[in-house]
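Following: one structure in structure tokens, then a few remarks.
Just so it is clear, none of the values below were taken in a lab; they were calculated from the coordinates. Predicted, not measured: the structure shown is a model, and the values here were computed from it. Note that we place each Cβ from the backbone using ideal geometry, even for glycine, and neighbour counts take in every protein chain shown.
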Amino acid sequence: MEVDYMMATSLCNIPGGQEQARRRFDWIQAHYSLEPNAAKVIAGAERNCGTVGSQQVSYIWTSATTRTSLVSGAQPSVKGKIYYEWGSSLADGGKSASFIKRIPTEDFESRLIDTTTNGAYAVKMLRKRINSSCARINREAKDSVLDAEASIEASKHFIVVSRGRDYLPSELNIFASRLEKYLQAYCRQFGMTRPQHFIIVYASKNVDNFKKNASLLHGLNLPKGAIGYSFQNDLSIAAVVPIVGVGQGTFNHELFHLLSRSKFGDIPPWMDEGMAALYEVSEIRSTKIAGLPNWRGRVLFTFGSLRPSLKTLLSWNWSNFDNNAEYQPSDTLQVIDNQRFNQQAVNYATARYFMFYLQEKRKLEDVYKAFQERDPDLLTMSIEENSCYTLAQAMGMSFENIESDFQKWLKDEIIKEKMRGYF
């Protein structure tokens, strides 16, 4: 995102470059999730583009998990995977994680260990650095993720960590082995780049340890329903996995977010969250990952009236995708929170099942590549129109036919899942 921003501000100062600069600013606002302060910076830069005295301004760019933000002297925002708890009253309303303490950038950087490092030595280095960081930042808590009882194991690209006696070393090796397979498949199938540093995986058997780790490691307060997140700054993912072999899909979900940023930083929200969600329940068939039906089908069955059209889904920026819901003036905060969470759950489920549809039509890789290769400087139509056009070109069908075919496929798929007892 920083490249897009710097190019846009530079174009503002080039005679005749203002129109191209504004296209860049529009692209940023449509494809990146921005903190409120960052959104104001972008909007202000676009508004002042080409005016007398306008100049390029330097800001601190930071990115974390599935989001990228432009802030000045602040921590990045984080949002991870949230599970829809049926029949519950979700007071948090699907809100994002919030920072409750600031952790220095150098602490995150110290956790980046090159994959050429011997596994046993890498484990020793990580233990020492995390304990040192926790001791310095959380003095009052006198706690650490990697205490004497913590388990930690390394594979070729992953270091898997658990608090206390949550898992046996052999169970952590099972996590690592499965993640290695998904890493290879993501890279092979979508051209993602293997990281130069170990990906740190924090596995928790219960929500309490998961949230305690988030606070100690990343200074995060996680919302109700959170079961996983990824953090770009120290190349880590964290998830609640109560039983080995059940629930590791959250690791697959967060790993997709982490790796997709290697070559596709401006991935649209519907594709980013849709594909990550597709692989949370999946299997590897030969050399490819294949998504399977999951609990998000029940979301669409229950709240089908809230489902956005495909055209609307493709037009949304991150803010729309996360928060789009209609309220009445008389609604209480509790009602608003629940409506907001229901709509958010439907948006994510719709994106997931659209990716499922593309997979079943054998067009997912083509669509991913087509959107990855888009150039904002070459757009001759609005971003919304271009999204529909790009999809149609990749599918070899008119957008209207794609929309109607998806509606029919989705209806049949949900009925099939219902009949087979998925929900």
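Please give every one of the lysines within straight-line cross-link reach of LYS124, meaning a C-alpha to C-alpha distance under 20 Å, and leave out same-chain neighbours fewer than 8 residues apart.
Excluding near neighbours in sequence, the set is LYS156.
Quick one: work out the % antiparallel among DSSP beta bridges in the range 81-265, nearest 5.
That works out to approximately 60 percent antiparallel.
Can you give the percent of C-alpha pairs in the range 161-223 whose distance is more than 17 Å?
So the pairs more than 17 Å apart make up 53 percent of the total in the range 161-223.
What is the local net charge at ILE174, summed over the other residues whose Cβ is closer than 13 Å to its Cβ (Lys, Arg +1; Asp, Glu -1)?
In short, -1.
For the range 296-419, report the % of Cα-Cα distances exceeding 22 Å.
Across the range 296-419, Cα pairs with separations above 22 Å total 41 percent.
Please list, by residue number, everything in the range 290-322 whose backbone N is under 12 Å from a paramagnetic label point 7 Å out along Cα→Cβ of LEU379.
315-317, by backbone N distance to the label point.
Less than 19 Å from a label point 7 Å out along the Cα-to-Cβ axis of ASP405: which backbone N atoms in the range 361-375 qualify, by residue?
Only 361-371 fall inside the zone, counting backbone N under 19 Å.
Between ARG285 and MET419, what is the label-to-label distance in nm when each label sits 7 Å out along the Cα-to-Cβ direction?
2.0 nm
Would you mind counting up the charge near SER387? Only other residues with Cβ under 13 Å from its Cβ, with Lys and Arg at +1 and Asp and Glu at -1.
Net of charged neighbours comes to -3.
Order of MET397, MET419 from fewest to most other C-beta atoms within 10 Å?
MET419, MET397
Can you sort ASP26, ASP377 from fewest to most other Cβ atoms within 10 Å of each residue's own Cβ?
ASP377, ASP26
Among TYR389, TYR121, which comes first, then next, by fewest other beta-carbon atoms within 10 Å?
TYR121, TYR389
Within the set LYS181/LYS416; LYS263/LYS363; LYS211/LYS418, which residue pairs have Cα atoms separated by over 27 Å?
In this structure, LYS181/LYS416; LYS211/LYS418 exceed 27 Å between Cα atoms.
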